Amino acid sequence: MPRKDFKPLDARRFWTDAQELECTMILPEAPGVKTFCFKTTDDSWFKYFPGQFITIELPTPGEKLLRTYTLSSSPSRPLSIAITVKAQRGSLGSQWMLDHVQVGDRFRAYGPGGLFTFHNHPAEKYLFISAGSGITPMMSMTRWLYDDGAHTDITFVHAARRPSDIIFRAELERMAQRLPDLHISFVIEEDDPYVAWTGYRGRLSQLMLPLMAPDYLEREIFCCGPAPFMQEVRDILHSVGFDMEHYHEENFLAPVLAESEREEPDDVIPDEDSRAAVIFAASGVEAACRETDTVLAVAKAAGLNIPSACQFGVCGTCKVRKLSGEVHMVHNGGISDDDIASGHILACCSNPIGRVEVDV
Ligand code: FES
């Protein structure tokens, strides 16, 4: 709200982890989806790259949950930050947020961080492809480009179950009405009853993509959504010989798919039929498993606790020391090269290859 003591940005501090975030606004976006806006008590401003995330500590009954969310807000509007939360089936943290968080609640949070931003990949033309709540980093980048006040060519493709599930639909359409360089296409799986839908139907396919973006082979592609969706997108691109150097993805639903620093997906897949074992040396426990299990999952199944948050290789919470053996680790920036060189792994995104011993 307007204030007499309003200070311009250069008279304020910018937010660091040390300051709590206060929820100042909650906006409904779609069925089961809300945007939570945050400020700090001293009006700090927020410095980050569009597409980055924060990790937030949720005081749920019985335990504190750490959950990682992409910021849907844009750093071009730095007075507040926002996350847009959709509860996936079985989710604890997101459902708790949707059910309980009120304006005025305060939270510890960490970040912002992450590599998934087009500032790391300057290009003439972009193609954003998202599904479900994977739209949030794309929205952050699109809002930034809108505010940038210069022409940038973006094709924005989004997949949702029904038209009513399309998050940010009205805002995207309004931006596209004002920006001749922003082209949006939605694809839905089911109609809403009694509502006409004239867009694409079905699953995003090799036939559909060229209709949405005829020049998609020339575009820098950013993709975010459930793991199977991104696998389908990669399959489409592989099948047409797309140069995957220009493909970047972020996965917030499954821990085992890839985004390397160059965001080239690592499609090496551990063999489900191959037997493996994890030895938890400090606990004196040995657990047989498959190569496709993660060290974190094996620990949980064995009744051992490795602290974890994002569970997809971003936040670094689950870092443990490997004492011997090999893992196949596909992380998302949550561990440094130095840590890897000194024998550390992220348990949430490391698959044991044969017998592996960890210091847990
Ligand atoms: S839990 Fe975040 S990197 Fe493993």
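The values are calculated or read from the model by the stated rules, or taken from the named source; none is laboratory data. Please read these numbers as outputs of a predicted model, since none were measured by experiment. Quick reminder, even Gly has a Cβ in these numbers, built from the backbone with ideal geometry, and neighbours come from all protein chains shown. We work out accessible area using only protein heavy atoms, side chains counted, and drop any ligands, DNA or RNA first. Shrake-Rupley method; radii C 1.70, N 1.55, O 1.52, S 1.80 Å.
For residues in the stretch 267-281 being part of a strand (DSSP E or B) and touching a residue at least 60 places away in the same chain (Cβ under 8 Å), which is surrounded by the most Cβ atoms within 10 Å (Cβ to Cβ)? I'd like the intermediate steps shown before the answer.
Here is the first cut: in the stretch 267-281, the residues part of a strand (DSSP E or B) are 275-280.
Remaining after also requiring touching a residue at least 60 places away in the same chain (Cβ under 8 Å): 276-280.
Numbers: Ala276: 24, Ala277: 15, Val278: 29, Ile279: 18, Phe280: 21.
Restricting to residues being part of a strand (DSSP E or B) and touching a residue at least 60 places away in the same chain (Cβ under 8 Å), the top hit is Val278.
Looking only at the stretch 35-47, count how many residues are open to solvent by 20 Å² or more (accessible area, probe 1.4 Å) and either in a loop (DSSP other than H, G, I, E, B) or in contact with a helix residue (DSSP H, G or I) (Cβ under 6 Å, 6 or more places away or on another chain) (or both).
Start the filter on the stretch 35-47 by keeping residues that are open to solvent by 20 Å² or more (accessible area, probe 1.4 Å), which leaves 39, 41-43, 45, 47.
Next, only the ones that are either in a loop (DSSP other than H, G, I, E, B) or in contact with a helix residue (DSSP H, G or I) (Cβ under 6 Å, 6 or more places away or on another chain) (or both) stay: 41-43, 45, 47.
Number satisfying all stated conditions: 5.
For the stretch 318-328, state whether one or more residues are within 12 Å of the ligand (Cβ to nearest atom) and open to solvent by less than 40 Å² (accessible area, probe 1.4 Å).
Yes, some residue in the stretch 318-328 is within 12 Å of the ligand (Cβ to nearest atom) and open to solvent by less than 40 Å² (accessible area, probe 1.4 Å).
Residues that are modelled with pLDDT of 95 or more: list the strands (runs of 3 or more DSSP E) wholly contained in the stretch 87-196 that include at least 2 such residues.
Fully inside the stretch 87-196 and qualifying: 125-131, 153-160, 182-188.
Inspect the stretch 9-17 for any residue being at pLDDT 95 or above and of a type in the set (A, V, I, L, M) and give the result as yes or no.
There is no residue in the stretch 9-17 that is at pLDDT 95 or above and of a type in the set (A, V, I, L, M).
All but one of (1) surrounded by fewer than 16 Cβ atoms within 10 Å (Cβ to Cβ); (2) within 15 Å of the ligand (Cβ to nearest atom); (3) closer than 18 Å to Leu115 by Cα hold for Asn305; which doesn't?
Of (1) surrounded by fewer than 16 Cβ atoms within 10 Å (Cβ to Cβ); (2) within 15 Å of the ligand (Cβ to nearest atom); (3) closer than 18 Å to Leu115 by Cα, only one is false for Asn305: (3).
Among all residue pairs at least 6 apart or on different chains, which show Cβ distances below 7 Å where the first residue, located in the stretch 56-70, is assigned to a strand (DSSP E or B) and the second is open to solvent by 70 Å² or more (accessible area, probe 1.4 Å)?
So the pair list comes out as Glu57/Lys64; Glu57/Arg108; Leu58/Lys64; Thr60/Leu92; Leu65/Leu92.
How many residues are without any contact (Cβ under 8 Å) to a residue 60 or more places away in the chain and either open to solvent by less than 60 Å² (accessible area, probe 1.4 Å) or within 16 Å of the ligand (Cβ to nearest atom) (or both) if we restrict to the stretch 339-360? Working first, answer last.
Keep residues of the stretch 339-360 that are without any contact (Cβ under 8 Å) to a residue 60 or more places away in the chain, which gives 339-347, 350.
Restricting the remaining residues to those that are either open to solvent by less than 60 Å² (accessible area, probe 1.4 Å) or within 16 Å of the ligand (Cβ to nearest atom) (or both) gives 339-340, 343-347, 350.
Number of matching residues: 8.
Go through the stretch 221-250 and count every residue that is open to solvent by 20 Å² or more (accessible area, probe 1.4 Å) and at pLDDT 85 or above. Walk me through how you get there before you give the answer.
Applying the first criterion (open to solvent by 20 Å² or more (accessible area, probe 1.4 Å)) to the stretch 221-250 yields 226, 228-229, 231-232, 235, 238-241, 243, 245-246.
Imposing the further condition that a residue be at pLDDT 85 or above reduces the set to 226, 229, 243, 245-246.
Residues flagged as open to solvent by 20 Å² or more (accessible area, probe 1.4 Å) and at pLDDT 85 or above within the stretch 221-250 amount to 5.
For the stretch 116-150, which positions are within 20 Å of Tyr69 (Cα to Cα) and surrounded by fewer than 19 Cβ atoms within 10 Å (Cβ to Cβ)?
So the first thing to find is which residues in the stretch 116-150 are within 20 Å of Tyr69 (Cα to Cα), and the list is 116-120, 128-144.
If the condition is that a residue be within 20 Å of Tyr69 (Cα to Cα) and surrounded by fewer than 19 Cβ atoms within 10 Å (Cβ to Cβ), then His119, Asn120 are the ones that fit.
With Leu92, Leu71, Leu65 as the choices, which residue is touching a helix residue (DSSP H, G or I) at 6+ places or on another chain (Cβ under 8 Å) and within 16 Å of the ligand (Cβ to nearest atom)?
On the way: Leu92 fails: touching a helix residue (DSSP H, G or I) at 6+ places or on another chain (Cβ under 8 Å); Leu71 fails: within 16 Å of the ligand (Cβ to nearest atom).
Unique residue meeting the criteria: Leu65.
For the stretch 18-34, name all the residues that are open to solvent by 60 Å² or more (accessible area, probe 1.4 Å) and assigned to a loop (DSSP other than H, G, I, E, B).
Within the stretch 18-34, the subset open to solvent by 60 Å² or more (accessible area, probe 1.4 Å) is 18, 20, 25, 27-28, 31, 34.
Across the stretch 18-34, the qualifying residues are Ala18, Glu20, Pro31.
Show the residue pairs meeting these rules: Cβ distance below 9 Å; 6+ apart or different chains; first residue within the stretch 73-91 and touching a residue at least 12 places away in the same chain (Cβ under 8 Å); second residue part of a strand (DSSP E or B) and loosely packed, with under 15 Cβ neighbours inside 10 Å.
Pro78/Phe14; Ser80/Met25; Ala82/Met25; Ala82/Leu27; Thr84/Leu27
Of everything in the stretch 282-302 that's in a loop (DSSP other than H, G, I, E, B) and farther than 11 Å from Val358 by Cβ, which residue is farthest from the ligand (Cβ to nearest atom)? Quick ask: steps written out before the conclusion?
Restricting attention to the stretch 282-302, the residues satisfying the condition of being in a loop (DSSP other than H, G, I, E, B) are 282-284, 291-294, 302.
Narrowing the set further to residues that are farther than 11 Å from Val358 by Cβ leaves 284, 291-294, 302.
Details: Gly284: 24, Glu291: 18, Thr292: 17, Asp293: 15, Thr294: 9, Ala302: 17 Å.
My answer is Gly284.
Keeping to the stretch 74-95, report how many residues are open to solvent by 40 Å² or more (accessible area, probe 1.4 Å) and within 19 Å of the chain's Cα centre (by Cα).
Of the residues in that region, 6 qualify.
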